[in-house]
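A short worksheet on the structure shown next.
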């Protein structure tokens with residue numbers, strides 16, 4: 001079954017002057033316009049396409065990659081406001097409608113908004129909603145501590161960065177555990193620190209402590225080589241200096257340096273203020 005607003009692998013049924021028709025199941029076909037065909041196709045070939053509806057509500061296929069798919073959240077720009085709602089640029093020829101009933105406040109042209117993409121059951125069209133709370137927290141999180149997830153940064157409050165986890169759950173990255181600034185709309189890999197009783201997820205950026213330490217040790221070695229074998233930083237440096245140089249906590253830095261010292265890969269200067277390669 002073809003999924004509107006998502007990627008589909010479909011077979012070519014026939015070629016025409018203006019493109020190729022793809023098998024949509026049950027005898028139906030979907031047009032892949034010629035402008036999306038970048039290499040020769042033959043009947044029976046499979047193509048990876050996203051399916052959406054055109055201005056006449058006919059399904060059409062594209063090999064382009066939209067900014068988001070149905071079931072995902074994204075920050076998108078408003079390109080027009082009409083009597084039926086706001087239209088967003090989502091990277092495909094037909095802009096995405098946000099009906100007035102799905103806007104938190106009236107959207108304005110040129111604005112950038114967080115929305116959720118859904119397939120409208122009545123029309124079969126892809127549409128978007130800015131009322132994101134309807135689509136988050138409806139599934140009980142089932143994660144183990146340390147599990148890797150995808151997160152979208154969407155807000156910042158007094159304790160850290162609020163995120164949407166795997167397009168399903170609320171999560172947060174605490175300020176004191178984030179060592180490089182994050183941008184609203186940034187998509188990141190994060191790790192589950194814990195799942196709270198309310199279903200919200202505490203996140204961390206570096207994964208398990210042993211993984212963070214090993215990765216940081218590698219970065220320290222590379223930084224030493226790039227600096228000619230000596231860096232004016234050590235475990236005696238301030239947390240602020242370590243954060244500036246390596247974007248990590250002093251605790252993680254000391255562990256990583258400890259491993260490097262134990263392996264005989266680095267040394268510490270006599271005045272304890274610098275690291276050098278051995």
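What to note about this one:
- Take every pair of alpha-carbon atoms less than 8 Å apart whose residues are at least six positions apart; their mean separation over the length of the chain yields a relative contact order of 10 percent.
- The relative contact order of the range 158-270 comes to 20 percent, based on Cα pairs under 8 Å that sit 6 or more residues apart.
- Among 177, 46, 142, residue whose mean-square fluctuation peaks in a GNM of the chain (springs only between Cα atoms under 10 Å): 142
- Tail beyond 16 Å, pair distance distribution of the range 82-163 (Cα, percent): 63 percent
- Calculated P(r) tail over 14 Å for the range 70-129, as whole % of Cα pairs: 48 percent
- Extents of the range 189-238, largest first, come to 50, 22, 15 Å (Cα atoms, principal axes, whole angstrom).
- Hydrodynamic radius of the range 118-274 by the Kirkwood approach over all distinct alpha-carbon pairs: 17.9 Å.
- The chain: angle of helix 209-226 to the longest principal axis, Cα-based, in degrees nearest 10: 70 degrees
- GNM top mover of 160, 27, 199 - the chain, alpha-carbon springs below 10 Å: 27
- Taking the range 225-278 and dividing mean pair separation by its residue count, relative contact order in percent (alpha carbons under 8 Å, at least six apart): 44 percent
- The range 210-278 shape via C-alpha gyration tensor axes, a/c threshold 1.5: rounded
- Report summary: the helix-based calculation at 222 nm, which adds -39500 (n - 2.57) for every DSSP H run with n ≥ 4 and divides by the residues of the chain, gives -4500 deg cm²/dmol.
- Largest-first ellipsoid semi-axes for the range 167-215, taking √(5λ) over the Cα gyration tensor eigenvalues, angstrom: 19, 15, 10
- Residue among 161, 21, 191 with the largest mean-square fluctuation in a Gaussian network model of the chain, springs linking Cα atoms under 10 Å: 21
- DSSP beta bridges in the chain [antiparallel fraction, %, rounded to 5]: 90 percent
- With distances taken between every two different alpha-carbon atoms, the chain has a Kirkwood hydrodynamic radius of 22.4 Å.
Quick note: the coordinates plus some simple rules give every number you see, no bench work behind them. All values derive from a computational prediction rather than experimental measurement.
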